[in-house]
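These notes concern the structure reproduced below.
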């Protein structure tokens, strides 16, 4: 049985298997971590990191795999957070509340995606940017207050379960991205990303593929938002709609390597840990630095850190004899 | 009835500014086929330039236009030469995608620069006539807003004349219609692109001056103005400056009317509904040729 499973794995893409193995090992290590440390500062950074992995990966599914630039990812993260938070505070069980948040994010994605995807070019980027800004301003107008945990919730607050929820979220986001990237549908994504006319001529339905990616992407972003709402003690209701979240998703994906499964994970780790260091030392200028870094990556290193690693690895590998 | 008419008047007065904010974006988008998401940040910079000239040198905001226009013209030329030049020659899909990404990075960077230079406080420019109101037939016309509408209209008219009457303007329009053909007949693409981008930025600078007179300015106002401009661009379509101005008026009036119908807190939603409606029924825009 086990041998047969191994045989089946050998038929898979060897790169996928190697990354899959690394992913499972990382997951196991992170799952065991709370048994070894009770330091809340480490766990808190990791929760932020794991939510960031999901945020970046969710952007990557639509923006990287399917090539549709979403400039309003915060709308879906924020919608998930808002709905989950409001329902949770009204006594709805957490999984249901978070699920409702994800469903809302998906519905919003379809409202913008279906009309915008029928057209080419910048319409989708404009539509998502507009959705996010309008939701941010409107939520700020209607609920201009801080959302703080009610007293009974504070008393029962515990970090470790939230850590595991965030770990599960990150694992699910990577699994969804991997499932889409290493299955037949990935060829369709690649085709519409590179040349929509050619894809359509070859019988690949651009609209169906874009909508599939949109649903997966917004659903995960909504889940991430819901878990953000479950994790954080207090924040302004409008905060999860801030363009900062879109920017975070973009920069993590591009630093790591857009359109790959490992890239956003790598990028999130790099970005969150670097930010921990930079924000303390350079409170004033860290956004300037990251904005410039992002532009630099887009212009000069479109494959991100992953490409840089591959290049370095190639230097060490012995060249085949000529 | 009178409050309704008054709201329409306010909508028109604001709408001119929306049209001007969109004119620069529309020019750049139409000619270079790149979408500069940091357009609102250029408006923000124009606003702060006026704020500085007003508070440090005591210059009247409407006179400071003579400085913000050339200043942002130069900033635009520099941004094109330093950043957007590298994406402006790519294939059309890549061009849009990469320009959007670069613009988004620029948004963050410029916001941070503004916080460093002017802090995150809200600033305003209030000349001594800022409270003055002109009354006509029971309707109020605030003087600064009237001035804003006039300046916006004149600048858009000027841009329209430049694009239709001068050689450089015709080169810009030819490039917008077909850049390959333009290059074949001897138009210097790089120069034309730089000029169009600089003109678009200069229009944003003037819009910023006008924004500083009518609204508070702070480092994070950019995205909101980009959004208004984008909605107007989608609404009006590309290729016609008077059409862009009309699109701005429509958005202004629709927003004003909505404060009566659905209430102030939800007025921003109107823009989104207009955007979706145009996408569904007339994606080329209302005034596109």
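The values are calculated or read from the model by the stated rules, or taken from the named source; none is laboratory data. Model, not experiment: these values are computed from the prediction. Using ideal geometry, Cβ is built from the backbone for each residue, glycine included, and neighbour counts are taken over all protein chains shown.
For the reader, a short list of remarks on this structure follows.
- Single residue of B:227, B:189 found to be within 14 Å of another protein chain (Cβ to nearest Cβ) and within 21 Å of residue A:122 (Cβ to Cβ): B:227
- Hits in segment B:134-149 - residues which are in contact with a helix residue (DSSP H, G or I) (Cβ under 8 Å, 6 or more places away or on another chain) and surrounded by 12 or more Cβ atoms within 10 Å (Cβ to Cβ): B:139, B:140, B:141, B:142, B:144, B:145, B:146, B:147, B:148, B:149
- Single residue of segment A:176-189 satisfying the filter (assigned to a helix (DSSP H, G or I) and free of Cβ contacts under 8 Å to residues at least 24 places away in the same chain) that is nearest to residue A:261 (Cα to Cα): A:179
- Output for segment B:242-289, where each listed residue is part of a helix (DSSP H, G or I), away from chain A (no Cβ under 14 Å) and either modelled with pLDDT under 85 or more than 20 Å from the chain's Cα centre (by Cα) (or both): B:257, B:260, B:261
- One residue stands out in segment A:84-96 among those that are part of a helix (DSSP H, G or I) and surrounded by fewer than 24 Cβ atoms within 10 Å (Cβ to Cβ): the one that is nearest to the other protein chains (Cβ to nearest Cβ), namely A:86.
- Search result, residues across segment A:108-124 that are within 9 Å of chain B (Cβ to nearest Cβ) and within 20 Å of the chain's Cα centre (by Cα): A:112
- Restricting the first member to segment A:125-143 and to residues that are more than 7 Å from chain B (Cβ to nearest Cβ), and the second to residues that are surrounded by fewer than 24 Cβ atoms within 10 Å (Cβ to Cβ) and not in a helix (DSSP H, G or I), the beta-carbon pairs closer than 6 Å and six or more apart or on different chains are A:136/A:238; A:139/A:237; A:139/A:238; A:140/A:238; A:143/A:237.
- Residue in segment A:49-70 that is at positive phi, within 14 Å of chain B (Cβ to nearest Cβ) and at pLDDT below 95 present: yes
- Residue B:90 being more than 7 Å from chain A (Cβ to nearest Cβ) and without any contact (Cβ under 8 Å) to a residue 60 or more places away in the chain: yes
- Conditions (1) modelled with pLDDT of 95 or more; (2) within 14 Å of another protein chain (Cβ to nearest Cβ); number of the one not met by residue B:161: (2)
- Within segment A:196-238, restricting attention to residues that are surrounded by 15 or more Cβ atoms within 10 Å (Cβ to Cβ) and free of Cβ contacts under 8 Å to residues at least 12 places away in the same chain, the residue that is farthest from residue A:170 (Cα to Cα) is A:199.
- The number of residues in segment A:296-314 being closer than 17 Å to residue A:56 by Cα and part of a helix (DSSP H, G or I) comes to 5.
- Within the set A:99, A:121, the sole residue that is surrounded by fewer than 21 Cβ atoms within 10 Å (Cβ to Cβ) and farther than 30 Å from residue B:36 by Cα turns out to be A:99.
- Considering the conditions (1) within 14 Å of residue A:127 (Cβ to Cβ); (2) touching a residue at least 24 places away in the same chain (Cβ under 8 Å); (3) at the interface with chain A (Cβ under 7 Å from one of its Cβ atoms), residue B:235 is excluded by exactly one of them, (3).
- Residue B:25 being within 12 Å of chain A (Cβ to nearest Cβ), in contact with a helix residue (DSSP H, G or I) (Cβ under 8 Å, 6 or more places away or on another chain), within 23 Å of residue B:153 (Cα to Cα) and touching a residue at least 40 places away in the same chain (Cβ under 8 Å): yes
- Members of segment A:239-284 found to be buried (at least 16 other Cβ atoms within 10 Å of the Cβ) and either in contact with a strand residue (DSSP E or B) (Cβ under 6 Å, 6 or more places away or on another chain) or part of a loop (DSSP other than H, G, I, E, B) (or both), listed by number: A:242, A:257, A:258, A:259, A:260, A:261
- Which numbered condition residue B:46 misses (of (1) modelled with pLDDT of 90 or more; (2) in contact with a helix residue (DSSP H, G or I) (Cβ under 8 Å, 6 or more places away or on another chain); (3) exposed (fewer than 15 other Cβ atoms within 10 Å of the Cβ)): (3)
- Any hit, segment A:137-151, residues being closer than 22 Å to residue A:268 by Cβ, outside any loop (DSSP other than H, G, I, E, B) and at pLDDT 90 or above: no
- Close Cβ contacts (under 6 Å, 6 or more residues apart or on different chains) running from residues in segment A:144-155 that are surrounded by 11 or more Cβ atoms within 10 Å (Cβ to Cβ) to residues that are modelled with pLDDT under 90 comprise A:149/A:233.
- Only a single criterion out of (1) surrounded by 19 or more Cβ atoms within 10 Å (Cβ to Cβ); (2) within 14 Å of chain A (Cβ to nearest Cβ); (3) at pLDDT 90 or above is not satisfied by residue B:116, namely (1).
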